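Values in this text are rule-based calculations from the coordinates and carry no lab data. Note that the coordinates shown come from a computational prediction; the quantities given were computed from them, not determined experimentally. Cβ: placed from backbone, ideal geometry, glycine included. Neighbour counts: every protein chain shown.
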Amino acid sequence: MRVPLTILLLSGFGLTFQAEAATVNYDEAVMPSFTLPDPLVCFDGSPVVSAEDWISRRRPEVLDAFRREVYGRSPGAPQKVEYRLLEASSEVLDGTAIRKQVRLVVHGLAPDRSVALDLLLYIPKAGGNPAPAFVGLNFRGNHAVTFDPEVLLPQPWTGTRPNGERVEFRPQESERGSQASRWPIPMILEQGYAVGTVYCGDIDPDFHDGFANGVHPLFRQAGETERAEDAWGTIAGWAWGLSRVLDYLETDPDIDAGKVAVIGHSRLGKTALWAGAEDPRFAMVISNDSGCGGAALSRRRIGESVERINTAFPHWFCTNYRAFNDNEDASLVDQHLLLALIAPRPVYVASAEDDKWADPRGEFLALRAASPVYKLFGGDGLEGVEAATVNQPVAADAMFYHLRSGGHDITPFDWQQYLAAADRFLK
Ligand code: GCU
């Protein structure tokens, strides 16, 4: 049953607020009214008048607010990383491409601690090297993104939930290619781009275990028992891992590391956005159906809300984010400011018509609300665009949006639009 939010808010009892938390609203007519933080007004109330002003004053405080309130604070680049070429071939896809599988062994503070990220990389031979590239994480292992029989299975892992329940990941040969529709590798290569991917679980397995496994323990100080309220969550860990991939790509002569687009779908779209915000080396940022905690405006509370996401996925964000459960207006930021952090680099937000959980309209409005920052850099904004027509991409210089027909997925149609947009900036 859907209970109108206004009735719940008017009644004002604690119990009623619990009922509200259990309710998902898809109706703009009963959406709470709200005011978005103005991208061009600093937290002290002073106006942002130029691109320099944005870069020197406003961007740092917005980035810091996202670290403190939403994703948590990540460590810097690790002191020590080893690159091990696990496998390579220059005769893949009928001799048109090169494949490399590189293990990034990332060390932490203690010399005996490390995690291994296995990067699968395809590079086109045509077009001349170094190639621009798309980089993103995958959900189920590198072997799931392609039917290529040479792609290595990911490393298995086991873990324990706080309630003692065991969680296991045992990659199967039978899953090879099971996510291939999301990774149209031949199409990407044909258009002259390299494509690289890492299984997100290599960086941090996607379940709540109190940050016992993955990259987080690597940077725990000796004797540290309590996690800080702004300590990095799993999304920040994944984003940090993407930066480690970019570190590697900077050493690979086949890749133009100055022309790397970071891309992700859904939770990994949230991750791509945060990676692009944290690491200005990513030349383009693409969010596919990223929804709550990604491109969608939180204050709308349409579809997945901050409370729902913090409850279902308590490990994705920092602990401080829970303060905004049913309290979105108290935050210094909303997700349009995350998109603004990417300016002036190209940003692409895509939604799917039936993906109501991710609030497609909220994703579009967030992008549109980032326009003033892109305009500071001399670009056009999307302010004049009321709504997107299904399957008709809209663009304003470095800002791109489309609303695909269909559901929550990343499809060849989505990729075609990303490739066309990339051609304008990365070629
Ligand atoms: C869930 C979650 C979303 C997330 C999605 C996904 O639906 O609520 O926030 O984007 O999973 O990653 O597929």
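Using each residue's phi in region 340-352, evaluate 6.51 cos²θ - 1.76 cosθ + 1.60 at θ = phi - 60° and report the 3J(HN,Hα) Karplus result to the nearest Hz, with x for Gly and Pro.
Per-residue couplings from phi come out as 5, 4, 7, 4, x, 5, x, 10, 10, 10, 10, 10, 10 Hz.
How many percent of Cα pairs in region 297-393 exceed 23 Å?
31
Going by amide H atoms built from the backbone, whose H comes under 5 Å of the H on Lys125, apart from near neighbours?
Amide H neighbours of Lys125, under 5 Å, 5+ apart: Ala97, Ile98.
List every residue whose amide H lies under 5 Å from the amide H of Ile255, counting only residues 5 or more places away in sequence or on a different chain, with H placed 1.01 Å from N in the peptide plane.
Residues meeting the amide H criterion: Ala131.
Enter the Cα centre distance for the pair region 175-212 and region 86-147, rounded to the nearest angstrom.
Each part reduced to its Cα centre gives a spacing of 10 Å.
What value, in deg cm²/dmol to 500, does the helix sum -39500 (n - 2.57) over DSSP H runs of n ≥ 4 give at 222 nm once divided by the residues of the chain? Please report the intermediate quantities before stating the final value.
Numbers: 12 runs with 104 residues, N = 427.
Rounded to the nearest 500, the figure is -7000 deg cm²/dmol.
Return the sequence-ordered ³J(HN,Hα) values of region 171-187 in whole Hz as given by the Karplus equation 6.51 cos²θ - 1.76 cosθ + 1.60 applied to θ = phi - 60°, using x for Gly and Pro.
x, 10, 4, 5, 8, 4, x, 5, 10, 5, 5, 7, 10, x, 4, x, 4
Holding the Cα-Cα limit at 28 Å, pick out from Lys80/Lys125; Lys270/Lys356; Lys80/Lys375; Lys80/Lys427; Lys100/Lys356 the pairs that are longer than that. Display every interim value, and only then the final one.
Details: Lys80/Lys125 31 Å; Lys270/Lys356 16 Å; Lys80/Lys375 40 Å; Lys80/Lys427 32 Å; Lys100/Lys356 38 Å.
Over 28 Å Cα-Cα: Lys80/Lys125; Lys80/Lys375; Lys80/Lys427; Lys100/Lys356.
Taking θ as phi - 60°, what are the ³J(HN,Hα) couplings along region 112-120 by the Karplus curve (6.51, -1.76, 1.60), each to the nearest whole Hz, with x for Gly and Pro?
Karplus values, whole Hz, x for Gly and Pro: 8, 10, 7, 10, 10, 10, 9, 8, 9.
Among bridges DSSP assigns within the chain, what percent are antiparallel (round to 5)? Walk me through the intermediate numbers first.
Values: 32 of 58 bridges.
Just about 55 percent of them are antiparallel.
Amide H to amide H, which residues 5 or more places from Gly264 or on other chains are under 5 Å from it, using H placed in the peptide plane?
Ile286, Asn288
Order these by the 10 Å Cβ neighbour count, fewest first: Met284, Met399. Could you put the intermediate results ahead of the total?
Working: Met284 25, Met399 28.
Neighbour counts put them in this order, fewest first: Met284, Met399.
Projecting each Cα onto the charge dipole of the chain (Lys/Arg +1, Asp/Glu -1 at the beta carbon, about the Cα centre), which of Gly378, Leu339, Cys318 comes out farthest on the positive side?
So the residue we want is Cys318.
Tell me, what is the percent relative contact order of region 5-425, built from C-alpha pairs under 8 Å that lie six or more residues apart? Provide the component values of the computation, followed by the final result.
Details: 889 pairs, mean separation 68.9, N = 421.
This gives 16 percent for region 5-425.
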